1. Within segment 69-80, which residues are closer than 18 Å to residue 16 by Cβ, aliphatic (A, V, I, L, M) and loosely packed, with under 15 Cβ neighbours inside 10 Å?
2. Out of all the residues in segment 71-88, which are touching a residue at least 40 places away in the same chain (Cβ under 8 Å) and among the aliphatic types (A, V, I, L, M)?
3. Take the conditions closer than 26 Å to residue 3 by Cβ, in a helix (DSSP H, G or I) and at pLDDT 90 or above and apply them to residue 82. Does it pass?
4. If a residue has to be farther than 19 Å from residue 92 by Cβ, of a type in the set (Val, Ile, Thr) and surrounded by 13 or more Cβ atoms within 10 Å (Cβ to Cβ) to count, how many in segment 21-63 make the cut?
5. Looking at (1) at pLDDT below 90; (2) closer than 24 Å to residue 11 by Cβ; (3) surrounded by fewer than 11 Cβ atoms within 10 Å (Cβ to Cβ), find the lone condition where residue 66 falls short.
6. Taking the condition at pLDDT below 90 and closer than 25 Å to residue 27 by Cβ, does residue 115 pass?
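The values are calculated or read from the model by the stated rules, or taken from the named source; none is laboratory data. Because the structure is predicted, anything quoted here is derived from the model rather than measured. Positions of Cβ are generated from backbone atoms using ideal geometry, with glycine treated the same way; all protein chains shown enter the neighbour counts.
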Amino acid sequence: MQDIHRVLGALRRPPLLVRAARLGASAYNRGASLPRLIGPGPLPAPAGALARLIEIERAQDTARRDGAATWRAADHVAVLIAVMGEARLLDRQAQENASGIASLRRATKSPSASLIAGSSAGCW
């Protein structure tokens, strides 16, 4: 994960593209966006999706710099939104794993815990 963050930190893109992507990142919908960007099939884990999206974004940036007729700002922004969204998902997963929250949730949602008289376990 450190390598991915280093790659993301090294990206230098025009401020207007970045601002547009930040505005759209709050509405990022993984299920709708990823298949359109990386193709149909099962959705990869955030790390795998992010690696693929970084490749796509690099190609978009190369096309932008070269003045390619196929480059579209809207497509580039869509990829940047997905990159930001997947990076946030990856960070959230890392925080949950580090804090043990996922394990705590699994433990307290067990059916046997909710059967204990007076227990509020499993009542999320």
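1. 73, 74 - these are the residues of segment 69-80 that are closer than 18 Å to residue 16 by Cβ, aliphatic (A, V, I, L, M) and loosely packed, with under 15 Cβ neighbours inside 10 Å.
2. Within segment 71-88, 73, 77, 78, 79, 80, 81, 82, 83, 84, 87 meet the criteria.
3. yes
4. Selection size over segment 21-63: 2.
5. Unmet for residue 66, out of (1) at pLDDT below 90; (2) closer than 24 Å to residue 11 by Cβ; (3) surrounded by fewer than 11 Cβ atoms within 10 Å (Cβ to Cβ): (1).
6. no
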